[in-house]
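Remarks on the structure that follows.
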Amino acid sequence: MKKYNRIIILSIIIYLGLAFLSGNALLASQNQQSHAYRVESQRIINQIQDISQVEKIDLRDYQYVKAIDYIKSNVINQNQLDSFYLESNLGQTQILPYYQNNQLQGYLKFTYQLPIFDILHVFLIMQISLFILELFILIILWYMKKQLIQPFQQLNDLPIHLAKGHFKGEIKEAKSQFFGKFMWSMSQLKDELEVSKKRQLELMKEKKTLLLSLSHDMKTPLNLIQLYSKACLNDVYQTDSQQKHAIEQIEIKSREIEKYIDEIIHSARVDILDLEVHQGEFYLNDLLQNVFSIYNEQCALRQIELIVQSFDNKLLRGDLSRSQEVLENLFENALKYGDGRRIEITFEEEDYCQLIHIFNSGDTVSDSELNHLFESFYRGGNSQGKPGNGLGLYICHELMMKMEGMIYAQKKKDGMMFTLVFQE
């Protein structure tokens, strides 16, 4: 963007430069003509040794002066004075005193004509200026085509392909200052989606294999339970010891099935998502600016009062993009499950940790639900009729744990508050 701003400033400078040069050329041309007739008048005065020589001057040698009149300084005749000072039909006049031996002898009136303004000269100046301006505009348009339009056209169909799950092919990196980083980011997004799709397929395959294996393993104890149960019902066992042995086997095999069921439940809850975290450091102000740039406008449009307490710009440990994801999930929950009155962000320091409290007014969950909020696929009683899959808070919890932080929820008098704990 800085480079584009420089181009705009350069265009303004070129325009001002052309305007100054063309205007200066026109003024110089006019001043040159104005100065020329004064030079001729002075030359004539310098040539006159005696006033009688005025009539002998050949005006054909001069370009601008067309006539010369003289009147003595002691003339008092009003008609002569009026005739002398009257404007001439031949052109404009200039009256200069004439001295001889340092004594005023009279006045000389020079009648001169300036040439008609050189329209061809003006036309050439304007055409050259317009040509330079047009050339600059063409360069700008060509530059925009190469740096903006063509790279953008390459991305026209990319979102459609990504939405359909077509992740094959490469996105050519652009050298454009404007689209270079964007196209690199889109390439990274495509690669991440492709890897995520592969991991999802592998996970589904593993889940399916596990379920098939456990189902197969469960058939053996289940068949034995059915066999012993059928034998007991048909009075196959004649003695009490035989019946007791059969009942013990049924209990043992039931526990085996229970163990397999626990494995299925455990596999369904563990490692649902592969959340990668790049541990580093970032400033608190950068995190909040990234999030508030999105949700300031959303809160304003929904007429939600957003209150942000003042804070110190601390250096925190963690992944900036993942921390932003956590904070955005909490904002989405506040917008979805709050009553739309108030969202308040407050800060606290405790044991070399930075605490960020996100409070939203509205209904709270029950005490029993509070202990399960961060479990996968769990949704509280206040989520009825609202879209969601119960993974938002689970993802927040997993990310904070991987960043060596913490998240916990609290019930307040008039709403819910979530607290993020970052190490400094």
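Per 0.36 nm of contour for each residue apart, how much would the distance between ALA300 and GLU375 grow if the chain were fully extended, relative to their Cα-Cα spacing?
Numbers: separation 75, 0.36 × 75 = 27.00 nm, distance 3.18 nm.
Gain in length upon complete extension: 23.8 nm.
Plugging the Kirkwood radius over Cα pairs into Stokes-Einstein for region 292-347, at a temperature of 10 °C and a viscosity of 1.306 mPa s, what D comes out in µm²/s? Don't skip to the end; give the middle numbers.
Working: Rh = 12.4 Å.
In µm²/s, the coefficient rounds to 128.
Can you sort LEU138, LEU114, LEU233 by solvent-accessible area, 1.4 Å probe, largest first?
Values: LEU138 90, LEU114 70, LEU233 145 Å².
Reading off the accessible areas and sorting them downward yields LEU233, LEU138, LEU114.
So between ILE247 and ASP69, what do we pick up on full extension, going 0.36 nm a residue minus the alpha carbon distance? Before the final figure, lay out each step's value.
On the way: separation 178, 0.36 × 178 = 64.08 nm, distance 14.84 nm.
So the extension gain works out to 49.2 nm.
Tell me, in nm to one decimal, what length is gained between LYS145 and THR209 on full extension, where the rule is 0.36 nm per residue of separation less the Cα-Cα distance? Working shown, then result.
On the way: separation 64, 0.36 × 64 = 23.04 nm, distance 5.31 nm.
So the chain would gain 17.7 nm between LYS145 and THR209.
Using just the alpha carbons, could you tell me how many Å³ per residue the convex hull of region 314-424 encloses?
Per-residue hull volume (Cα only) is 101 Å³.
Grab the beta carbon distance between SER310 and GLN153, set R0 = 45 Å, and tell me the FRET efficiency rounded to 0.05. Could you put the intermediate results ahead of the total?
Values: r = 46 Å, r/R0 = 1.03.
It comes to 0.45.
Pop the C-beta distance of VAL195 and TYR408 into the FRET formula with R0 = 35 Å and round what comes out to the nearest 0.05. List each step's numbers first, then the result.
Details: r = 32 Å, r/R0 = 0.91.
The calculated FRET efficiency here is 0.65.
Assuming R0 = 22 Å, can you tell me the calculated FRET efficiency for the pair GLN80 and LEU59, based on Cβ-Cβ distance, to the nearest 0.05? Can you show the working numbers first?
Working: r = 22 Å, r/R0 = 1.02.
According to the calculation, E is roughly 0.50.
Rank-order 39-47, 342-350 by packing density, defined as the average count of other C-beta atoms within 10 Å over each peptide's residues, highest first.
Details: 39-47: 14.0, 342-350: 15.9.
Top of the packing list down: 342-350, 39-47.
Which order, highest average first, do 312-322, 249-259 follow once you tally other Cβ atoms within 10 Å for each residue and take the mean per peptide?
Going by the mean number of other Cβ atoms within 10 Å, highest first, we get 312-322, 249-259.
The values are calculated or read from the model by the stated rules, or taken from the named source; none is laboratory data. This structure is a prediction, so every number in the text was calculated from the model and none was measured. Cβ: placed from backbone, ideal geometry, glycine included. Neighbour counts: every protein chain shown. Ligands, DNA and RNA are excluded from the accessible area calculation, which covers all protein heavy atoms including side chains. Shrake-Rupley method; radii C 1.70, N 1.55, O 1.52, S 1.80 Å.
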